[in-house]
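What follows is calculated from the coordinates using simple rules that are stated; it is not laboratory data. It should be emphasised that the depicted structure is a prediction, and the values quoted were computed from it without experimental measurement. Cβ atoms come from the backbone with ideal geometry, glycine included; neighbour counts cover every protein chain shown.
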Amino acid sequence: MLLKVVSVGDPVLRKKARLLTSEEIRSKTIQDLIAYMRDTMRDSPGVGLAAPQVGESLQLAVIEDKADYHKNLSEADLKARERKPVSFHVIINPEIELLTPSDIAFHEGCLSLPGFMAVVPRARKVRVTCLDEHGKPRTIEASGWYARILQHEIDHLQGRVYIDRMQSETFATLENYQRHQKK
Ligand code: ZN
């Protein structure tokens, strides 16, 4: 089932999402929500989707960066971004630690700001402690594009959107981004 993705301006995107209990994580409601969020992310398509983006103020996000999405990107772009495939997984109640300064600048977009892109400086390496979809504790060490995805999605769970962190003079329509930036 596909869910409606809310756009920026909806107050749910500005709320700090609430934590989930292990009991809730195992419930049919949350398991169904995870499946619907996965379907919605793949349909969009996107590499991450946070629960507030589908109107649920919960500390939960899904992530997946398929090799298929890299087909139209150059080898040089993939290498510069340290972008590699990331298999589908769920992060719940995440805590993030930036292991390097936020000095890696690339364009990113968001399903809640369709049709726009901007340069957002992010940390190259992060450590995330969270629960998985079974409520099991997990530590993720990530670098490159995967670290960027984690920072972007965990921001959503704190009520933040990339425009809060962007280099505002780089804000562009997708069309202009493709015309002027993409190589
Ligand atoms: Zn987003």
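Checking each residue in the range 103-117 for being in contact with a Lys or Arg (Cβ under 9 Å, 6 or more places away or on another chain) and either in contact (Cβ under 8 Å) with a residue 40 or more places away in the chain or closer than 27 Å to Asp39 by Cα (or both) picks out Ile104, Ala105, Phe106, His107, Glu108. Can you find a residue that is of a type in the set (D, E, K, R), under 14 Å from the mean Cα position of the chain (by Cα) and over 19 Å from Glu82 (Cβ atoms) anywhere in the range 137-156? Checking the range 137-156: at least one residue is of a type in the set (D, E, K, R), under 14 Å from the mean Cα position of the chain (by Cα) and over 19 Å from Glu82 (Cβ atoms). When restricted to residues that are touching a residue at least 24 places away in the same chain (Cβ under 8 Å) and closer than 23 Å to Glu95 by Cβ, the range 1-22 contains 10.
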